[in-house]
Structures are given as structure tokens and as C-alpha cells.
């Protein structure tokens, strides 16, 4: 893969507004939208945040270590922060975000979003100019690079939550190979959860063969369920 920062310079991003009132884009290079028409906020909440172990970790008042792979417009991290702060007065959160496309991160500051989400949009938009953002006891660190370049730097068995949100297996098959997924699963801490919009049977089968549990998340914005992968 081309690992140049902002390598999608020729990409045309076609804007559209989700049913939840939040803006997202269609990426012409991949011929895919970043989110479905139902909207990025609702998708992030249903398929990634609430499907993860964040709720349990908040109840236990533990530091929550999140890996946000293919960070994109940042909605998964933004909704995780919003959910955490609504559930706990002072959550301790460490987010490691990985995204190679600077162009899409630069779009965060211009997003049209509901009024209540503005503070998270403004916070995450700072990542276009700096690699670390701190908000109270929440820290967000950005790797502006290909996941293939940083994968070996990420600590194995460390993350409580992994948001796995690449383009689909049809347009970005390199992110859905067994070899790659085994490495990603290996980043989960005990009792950690990986959530993804995909419901691919072979992904679930691979996880189960590795001794991981899987749960089906009810469909939203599409016909198929999504997956939560849990490390016992």
C-alpha cells in the first residue's frame, strides 16, 4: 500500500447528511460511504460503543483503553467519549487512533453535526494539527500512518475496546485477511471487546477458532447483523 500521509489527495469526497443530522461522506476512491444513510452518530452508538464492554468498565470505574482503527471522521471515538461522560462524572479514557488519511481528518472541523456533539467535534478536530489531545482525564493519541506501519508498535493484550472500522472486504480486502485479523485480535486485553459493522461469517469463525466469543449485534441501516468479538 501507499503509506504516504494524505495519500488520497485525488479522492473526491461527496458529502451527505445522515438521518441523525450528522454529516458524512462518500469516498470515490473506494466507491463506498463512510457510513450508511441512517447516520454516523447512530451507527457509532449502536454498532461500536454500546456493543462493546465500555459500559461494564465504566461501572467498575476502570481506565478504559480504546483502539480506534481507521479513525476516519472520528465518530466512534466521539460517541465513546460522550457516552462515557454521560455515564461517569470523571471517566479515565485512553484512546489510540490510527488513520492514514489526513484529508479525512481535516474534514472533522467542518462537519455539520447536532448541537450536543459540537464539543466532541471541536476536540477531535485538533488532531489535524497535533498528535495528542487531552480532555480532563481523557487522552487521545493519533498515529497518522498506515496500520501496517504501526501494528508492531501496538501492545499485545492491552486494549479493552477495539473499534474495527475499515472499508469493506470487497474494496479493502487487505484488512480482512485471516493473517491480519489474527494480529488485531491479539491486541485485545482479557475481557476486551472488538466491535465492527461487519457480519462476515468467516471473521466470526476465525475468532471462534481462536477461542474468542462472538455476539451478533442487531441490524441497523443494513440487512445483516454486525459483530462483537470478545476475548474471555
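Using every pair of separate Cα atoms, the Kirkwood estimate puts the hydrodynamic radius of the range 128-171 at 13.1 angstrom. Semi-axes of the equivalent ellipsoid of the chain are 23, 21, 18 Å, computed as sqrt(5λ) over the eigenvalues of the C-alpha gyration tensor in descending order.
When every Cα-Cα distance of the range 147-232 is counted in 10 angstrom steps from zero, the calculated P(r) takes the values 17, 54, 27, 2 percent. Helical content of the chain, expressed as a calculated mean residue ellipticity at 222 nm, amounts to -6000 deg cm²/dmol (DSSP H runs of 4 or more residues, -39,500 (n - 2.57) each, divided by residue number, nearest 500).
Here r is the Cβ-Cβ distance between residue 152 and residue 90 and R0 is 30 Å; the resulting FRET efficiency, rounded to 0.05, is 0.35. Counted over all Cα-Cα pairs of the range 71-184, pairs farther apart than 21 Å make up 40 percent.
Among 39, 192, 211, the largest mean-square fluctuation in a Gaussian network model of the chain (Cα springs under 10 Å) belongs to 211. Over all directions, the projected convex hull of the C-alpha atoms in the range 1-115 averages 7.7 nm² in area.
The distance between label points at residue 169 and residue 191 comes to 3.1 nm (points 7 Å beyond Cα on the Cα→Cβ vector). Take the Cα of residue 56, step 7 Å along the line toward its Cβ, and report every residue of the range 210-224 whose backbone nitrogen sits under 20 Å from that point. Answer for the range 210-224: 210-218. Inter-part distance, the range 18-39 to the range 144-171, computed on C-alpha centroids, equals 21 Å. What residue among 180, 25, 164 shows peak mean-square fluctuation when the chain is described by a Gaussian network model with Cα springs under 10 Å? It is 180.
Apply the a/c threshold of 1.5 to the C-alpha gyration tensor of the range 118-191 and tell me whether it is rounded, prolate or oblate. Judged from the Cα gyration tensor, the range 118-191 comes out prolate (a/c at least 1.5, a/b above b/c). Given a Förster radius of 22 Å and the C-beta distance between residue 110 and residue 19 as r, what FRET efficiency does 1/(1 + (r/R0)^6) yield to the nearest 0.05? That pair, residue 110 with residue 19, gives E of 0.65. Compare 144, 124, 154 in a GNM of the chain, Cα atoms joined below 10 Å, and give the one with the largest fluctuation. Fluctuation is largest for 154.
All of the numbers you see were taken from the coordinates with simple rules; none came from a lab. This is a predicted model, so every value here is computed, not measured. Methodologically, a virtual Cβ is constructed for each residue, glycine included, from the backbone with ideal geometry; neighbour enumeration extends over all protein chains shown.
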